[in-house]
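The values are calculated or read from the model by the stated rules, or taken from the named source; none is laboratory data. These figures come from a predicted structure and were not determined experimentally. Counting neighbours? That spans all protein chains shown, and the Cβs are built from the backbone with ideal geometry, glycine included. Areas reflect the complete protein model, heavy atoms only, side chains present, ligands, DNA and RNA absent. Shrake-Rupley method; radii C 1.70, N 1.55, O 1.52, S 1.80 Å.
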Amino acid sequence: MDRLALDVAHLFAGGLVLVSFMLLYQDRIFGLLNIFALHALVVSVSVAWQAYIQQAPHLYITATIALVVKAFVIPVALHRIIVRLGIHREIDPVVGIGQTMLAGIGLVALSIMVMLPIAAEAGTLVREDLAFALSVVLLGLLMMISRHNAVSQVIGFMSIENGLILAATGAKGMPLVVEISVAFSILVALIVIGVFLFRIRERFDTVDVSTLDQYRGGRP
Amino acid sequence: MSEPGSLVVGAILAVPAASAALLALLPDDRTSARLNISATFLTLVAALALFVERPSPGPYLIVDDLNIAFVVLNTFVGFTTSVFSGSYIAHELETGRLTPTYLRFYHAMYQTLMFAMNLALLSNNVGLMWVAVELATLTTVLMVGIYRTHAALEAAWKYFLLGSVGIALALFGTILVYLAARSVVGEGLDAMAWNVLVERAAAFDPALLNLSFVFLLLGYGTKVGLAPLHAWLPDAHAEGPTPISAVLSGLLLNVALFAVLRFKAVMSANSGALAPGPLMVSLGLLSVVFASFMLYRRHDIKRMFAYSSIEHMGIITFAFGMGGPLANFAGLLHMTLHSLTKSAIFFCVGHIAQVKGTQQMADIRGLTVSHPVLGWSLVLGVVAIVGLPPMGIFMSEFLIVTSTFAREPVLAVVLGLSLLVALGALLLRLNGLAFGEPLGSQQPATASFVPVFAHLGLVFAAGIWLPPALVTWFQHVASRLS
């Protein structure tokens, strides 16, 4: 594999980590949606590049799914839901933005320190890709725990999935399972949006999960 | 692949899948409950046929000694639960907690869940196994939220978030396993086939395997309900329909544990890799200690038995983590008996909650007086689950504790004490529930006792006399595991 192909692949994977950071500091719901669309776009481009350099045409399908569903359909659908429910207000984070960003930097450092030595045998492309993918997964987890809002949590989860797609496509020649799992993650996303947001709306008039937390089952 | 064998495996998967589609289309609730029962019965028959005919492993599916035991247990409890579900759901319709539309959805989801669990148990491809576990998670999330109450939605949301994070970690681990295998086995399907992985694991890169196991253990461990990743479990058990609590405790937790066992086998085959045992022992022991103390503070009856499930999954994980023929044997036995006992308890609890109209233990008293059959079944179930003789769980717990004493006395003391703490908590609560002046509604229960009696009868029989064929089978599996 020539040097340029590698560098471009790393550029996209690194770009994805950067967009994950941008997700972390969004304080408005619509801004969050736009950045998530960008996140999905970067994943899609990155997967397409992998398909090109690995000469694995089936990965183009994964790239197209990511592009169409995650970069367009889901953000647009969420946008409409939010407008209809009238919940487009600011996101109040559990932890301050500054601390979240610092924690995020720590997580990226951690994943690079863990991954680079361990995956040394697996080849240069895979090694860096895995380090970046793990960073994206950990940043997504961080986002899920540092936001109370249901929309942010769904987006955090979907960004974790993007990280997993990055890892799976970086692992050269991984069988058809990638496609199945991508189809499944889309299903999850749709079910979440379709079922949960509406149900939550029906019952509580808000999608702020902290109002759910006031309930403590089983304790009088 | 031998022809009849693959037909059998095909039936185990196709029957639930086809009935899920059929049940989604059928509007009538009477027929659909019956259809649900017959479908699970057919699946059970197909699973039993595996003893006679078994296919040779393919790239996607495999049948070996270990998963036959799991599949038969899975389909058996699936069948008895569908019988219980028939009478439970009829009552829910009468009281209006469920509408016919939701019922149709419920039955379709029940069969989808059975399909997903059987697929997870039978899959040879670790990626396919992951997809199946994800499908099972998804269906149970939807069923937990089916009552659409405040509490049910919160439980479903919590379960969804924690479950999918666990599933995501497990996928990352699966990708790492593939990477470790790729350099040895080569690209393609073989590098994800479990039987190939185990055979050639000795040559894999140990560092990659170690990292992958950490992710897999945390990921699937979330689904097993191991502390500190258990937070979803009590809510999901308490707020969903009771047949689902029975299936969750009795089966789905086992399926997740089965996934961990599959990867443990890969780890053990590589001498350079981290020993998976101590990790499982510590998570298991932590769950036992934690859950047994938490049992004291429960007020909701289903929530209490959910904590007891955490405790027992901890015991089973502990036993498999200790390893060796004896501990593995005890772990298998304990898993089987726990599935039977816990689902029987949930059958009783479901009827009790319906009769009394509450799940709060403070409002339930004197069951043996007001509802003798239901009350005494619950007493028997709790006596079994806390591990008192002559019930079967006494034997498996005794085996686990004594085999641990010989190797790690300190751990055995901790485990034994926690078991006693849990016993105290459950008996204390049982005393209030079952005896004394009856409280609340005294109307007779319209219950189906056959599943309860069948399960408790089996657990009792296992405590008295284990069939030699079963013992040989479990011993064989246990020696394969270690």
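Computed quantities for the displayed model
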item: Percent RCO, i.e. relative contact order, over chain B, from Cα pairs under 8 Å lying at least 6 residues apart; result: 14
item: Nearest 10 degrees, 0 to 90: helix B:65-95 Cα axis against chain B principal axis; result: 30
item: For chain B: lysine pairs under 22 Å (alpha-carbon distance), excluding those fewer than 8 apart on one chain; result: 8
item: Estimated Rh, region B:275-482: Kirkwood, alpha-carbon pairs, angstrom; result: 17.4
item: Expected 222 nm ellipticity per residue - DSSP helices of 4 or more, -39500 (n - 2.57), all of chain B, to 500; result: -26500 deg cm²/dmol
item: Student exercise, the protein assembly as shown dipole from Lys, Arg, Asp, Glu Cβ charges, in Debye to nearest 20; result: 940
item: Accessible area buried, both sides summed, chains B and A with 1.4 Å probe, Å²; result: 4400
item: Part-to-part distance (alpha-carbon centres) for region B:317-355 and region A:140-158, which is given in Å; result: 35
item: Computed over the protein assembly as shown, the ratio Rg/Rh where both radii use C-alpha atoms and Rh is Kirkwood; result: 0.96
item: Orientation-averaged projected area, Cα convex hull of chain B (nm²); result: 20.4
item: 0 to 90° range, to nearest 10: angle between helix B:253-268 axis and chain B longest Cα axis; result: 20
item: Accessible surface of the protein assembly as shown [probe 1.4 Å, protein heavy atoms]: carbon and sulfur percent; result: 69
item: Helix B:126-144 vs. chain B, principal-axis angle (Cα, 0 to 90°, nearest 10); result: 10
item: With DNA, RNA and ligands ignored, accessible area of residue A:145 (1.4 Å probe; Å², nearest 10); result: 130
item: Rel. contact order, % - alpha carbon contacts under 8 angstrom, at least six apart, region B:326-482; result: 41
item: Accessible surface, region B:275-482, averaged per residue in Å² (probe 1.4 Å); result: 36
item: Calculated log₁₀ intensity ratio I(q)/I(0) where the Debye formula runs over C-alpha points of region A:41-90, q = 0.26 Å⁻¹; result: -0.85
